[in-house]
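Encoded as structure tokens, the structure appears first; notes follow it.
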Amino acid sequence: MSKVREIPTGKRTPLYRFFEMLPAMISYGMIILLFVLSAISPILGSAYILLIVIITLVKAIGVAYRVVQGYNTVKKGIGVNWSKRLAELENPEESYDKLAGSKKHEYDYDTHLRNLCMMAAAEEGYFPKPSQVYHAVIVTMYNETLDVLAPTLDSIVKTTYPKDRMIVVIAYEERGGENAEKVAKTLEKNYSKKFGGFILAKHPDGIPGEVVGKGGNITNAGKVLKKYVREKGLRYGDVIVTTLDSDNKPHECYFDQVAYEFIVHEDRKRLSYQPVSIFTNNIWDAPAVTRVVACTNSFWNLICTMRPHTLRNFASHSQPLDALVEMNFWSTRTIVEDGHQYWRSLFYFDGNYDVLAIRAPIYQDAVLSDTLLKTLKAQWIQLRRWDYGASDVAFVGEYMLSKDRTVRYLSLIPKFIRLLDGHVTLAAFAPIVAFGGWVPLLFNIESRDLLAHNLPVVVSYIQTVAMMSLFASIILSIKMLPPRPKKYRSTKKIIMVLQWIMSPVIAIVYTSFCAFYSQTRLLIGSYMEKFDVTEKVVKK
């Protein structure tokens, strides 16, 4: 078993620096290539633009299809009585004899019967029983108020998993000061009797080698949880750990569904469980710009749940405690510990590691602050932090060429290419599609080449077709809305349709520019070593 790999501190090796610079070099290179080809020949420049635009069109159609497919799958998933299915695993032989031959039009019902049959045929103790499985929920906080955190704890209480087998850990920062201490103790007072265990874990400030971020906080909480579990006489392998941000609200069936999948998979230690992050908690209160960003992020998560080969840890996710203990929990050297956890786990388990899609959402907030200007700034800060996931390109690239690599090339190379392509696409495609059609014409204004002169029109037509695929997303965004608060009129739904007019501008300002910003920081070696907490405000 390979040891845990960590992001280097201090001066990087030349190879590591090359891979850190690679995303920015390709992203900027794609923009520069457009001008170079257009200067050489209007045909070359026009062909390059058309290629990018057609790729974008194909992706847009695929996105529309996958978003609808993902939404329908999650809707079916949360329609299942997972608490009942989980209870049936307690005595699989008896349950199978009772249910065998029955036909139900439930999501994955045939798979459930196969799972019961498999467990009934296995030796006693080979699969854990539901009554053995505990959920530990780490709720992180920095300077959030009780108005933000109380609904999160309430949502955990409302889940259908037995509360006597749930352990809640409030992971708060010493640097949050007296307010964080006060809020944490208030939560303990109000909620400690509602769960089987309730722990306060204060993360000390200024630990050497740690970046200021969430990774250090949840790792500290994990170590406190490890001690608690050992003292209670529980097995690490029977505890599933879920990390939640302060504004996260898991669907009521989430923990049952995770426990079910945990039990029926033999390689459970080498799996993490990824819900669908849906950013709709406060969608009615958020301004139009952040509503569009929130919906777009929700759509992307729906898409990922339908493409298992692209699925990686994002935001809130669950992982067995025994795996976390072996890996020393999460990385404390990056501000994007969630996506990075995928690569740490993959390398630690020698490639025998997967992320399993959970067909249940964890609802999160759209970005919202006190004023519109603060909200727009907070959205920028959040997205540039997410886009700093480009730092994983170097982490994976160096490992791919290392002598102690234990993951097969044929498995790792496609993952690396998808990682790199995702970050380059985020940065370069939107400005090229938006403005690139004019570049060949500007370089060849006196040319009689018909393609160069007609390219802006051709590109606009293709863009129109691509925008038509957006209609499916618009309709879906309305269907995904939570109930409208009484303080808003029904006509606000019209605004929530019209807001999508801004999507091209948002794609450039918030998608492309944020990606370029993060990649440029890596290019020049100006590393982001502080987790800028997204301000959370409850609008009353």
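Total residues in the stretch 146-170 satisfying the condition of being under 16 Å from residue 362 (Cα atoms) and part of a strand (DSSP E or B): the figure is 0.
Filtered by the rule that a residue be more than 20 Å from residue 472 (Cβ to Cβ) and either among the aliphatic types (A, V, I, L, M) or touching a Cys at 6+ places or on another chain (Cβ under 9 Å) (or both), the stretch 289-309 gives a lone residue, 289. Checking 27, 46 one by one, the residue that is crowded, with 16+ Cβ neighbours inside 10 Å, polar (S, T, N, Q) and closer than 30 Å to residue 399 by Cα is 27 and no other. Once the stretch 198-226 is narrowed to residues that are surrounded by 19 or more Cβ atoms within 10 Å (Cβ to Cβ) and of a type in the set (Gly, Ala, Ser), the residue that is modelled with the lowest pLDDT is 213. Every residue in the stretch 327-358 that is closer than 22 Å to residue 382 by Cα and among the β-branched types (Val, Ile, Thr), please. Matches in the stretch 327-358: 332, 334, 335, 336. All of (1) within 26 Å of residue 386 (Cβ to Cβ); (2) in a loop (DSSP other than H, G, I, E, B) hold for residue 180 with one exception: (2). Scanning the stretch 98-125 for residues that are loosely packed, with under 13 Cβ neighbours inside 10 Å and in contact (Cβ under 8 Å) with a residue 12 or more places away in the chain yields a single hit, 100. There is at least one residue in the stretch 319-337 that is assigned to a strand (DSSP E or B), touching a helix residue (DSSP H, G or I) at 6+ places or on another chain (Cβ under 6 Å) and more than 22 Å from residue 8 (Cβ to Cβ).
Residue count for the stretch 476-525 satisfying the condition of being in contact (Cβ under 8 Å) with a residue 40 or more places away in the chain, under 21 Å from residue 539 (Cβ atoms) and among the polar types (S, T, N, Q): 2. Of the residues making up the stretch 506-540, those that are under 20 Å from residue 371 (Cβ atoms), surrounded by fewer than 16 Cβ atoms within 10 Å (Cβ to Cβ) and either of a type in the set (Gly, Ala, Ser) or in contact with an Asp or Glu (Cβ under 7 Å, 6 or more places away or on another chain) (or both) number 1. Within the stretch 508-540, the set of residues being at pLDDT below 90, out of contact with any Ser or Thr (no Cβ under 6 Å at 6 or more places or on another chain) and not basic (Lys, Arg) comprises 529, 531, 532, 533, 534, 538.
Quick check: anything in the stretch 261-280 part of a strand (DSSP E or B), crowded, with 23+ Cβ neighbours inside 10 Å and among the aromatic types (Phe, Trp, Tyr)? Yes; the residues of the stretch 261-280 include at least one that is part of a strand (DSSP E or B), crowded, with 23+ Cβ neighbours inside 10 Å and among the aromatic types (Phe, Trp, Tyr).
A single entry from 363, 388 fulfils the requirement of being of a type outside the set (Gly, Ala, Ser), touching a residue at least 24 places away in the same chain (Cβ under 8 Å) and touching a strand residue (DSSP E or B) at 6+ places or on another chain (Cβ under 9 Å): 363. Any residue at all in the stretch 429-445 that is among the aliphatic types (A, V, I, L, M), in contact with a Leu (Cβ under 6 Å, 6 or more places away or on another chain) and at pLDDT below 80? No, the stretch 429-445 contains no residue that is among the aliphatic types (A, V, I, L, M), in contact with a Leu (Cβ under 6 Å, 6 or more places away or on another chain) and at pLDDT below 80.
Considering each residue of the stretch 283-302 in turn, at least one proves to be of a type in the set (Gly, Ala, Ser) and part of a loop (DSSP other than H, G, I, E, B).
Residues in the stretch 227-254 that are of a type in the set (Asp, Glu) and either without any contact (Cβ under 8 Å) to a residue 60 or more places away in the chain or crowded, with 19+ Cβ neighbours inside 10 Å (or both): 231, 245, 247. Screening the candidates 63, 74, 53 for the property of being in contact (Cβ under 8 Å) with a residue 12 or more places away in the chain and in contact with a strand residue (DSSP E or B) (Cβ under 8 Å, 6 or more places away or on another chain) yields one hit, 74.
Among the residues making up the stretch 197-238, those that are closer than 21 Å to residue 318 by Cα and under 21 Å from the mean Cα position of the chain (by Cα) are 213, 214, 215, 216, 217, 218, 219, 221, 222. You will find that of 418, 405, 333, the residue that is surrounded by fewer than 22 Cβ atoms within 10 Å (Cβ to Cβ), farther than 27 Å from residue 255 by Cα and without any contact (Cβ under 8 Å) to a residue 12 or more places away in the chain is 405 and no other.
Residues considered: 257, 319. Of these, the only one that is among the polar types (S, T, N, Q), closer than 25 Å to residue 217 by Cα and touching a residue at least 24 places away in the same chain (Cβ under 8 Å) is 319. Number of residues in the stretch 303-316 that are assigned to a loop (DSSP other than H, G, I, E, B), more than 11 Å from residue 276 (Cα to Cα) and in contact (Cβ under 8 Å) with a residue 60 or more places away in the chain equals 1.
How many of the residues in the stretch 276-297 are more than 16 Å from residue 254 (Cβ to Cβ) and either touching a Lys or Arg at 6+ places or on another chain (Cβ under 6 Å) or not aromatic (Phe, Trp, Tyr) (or both)? Count: 15. Restricting the stretch 155-178 to residues that are touching a residue at least 60 places away in the same chain (Cβ under 8 Å) and under 17 Å from residue 252 (Cβ atoms), the residue that is surrounded by the fewest Cβ atoms within 10 Å (Cβ to Cβ) is 158. Per the conditions (1) touching a helix residue (DSSP H, G or I) at 6+ places or on another chain (Cβ under 9 Å); (2) closer than 30 Å to residue 539 by Cβ; (3) surrounded by fewer than 21 Cβ atoms within 10 Å (Cβ to Cβ), the sole criterion not satisfied by residue 307 is (2).
The values are calculated or read from the model by the stated rules, or taken from the named source; none is laboratory data. These numbers were taken from a predicted model, which means no experiment stands behind them. Virtual Cβ from ideal backbone geometry, glycine too; neighbours counted across all protein chains shown.
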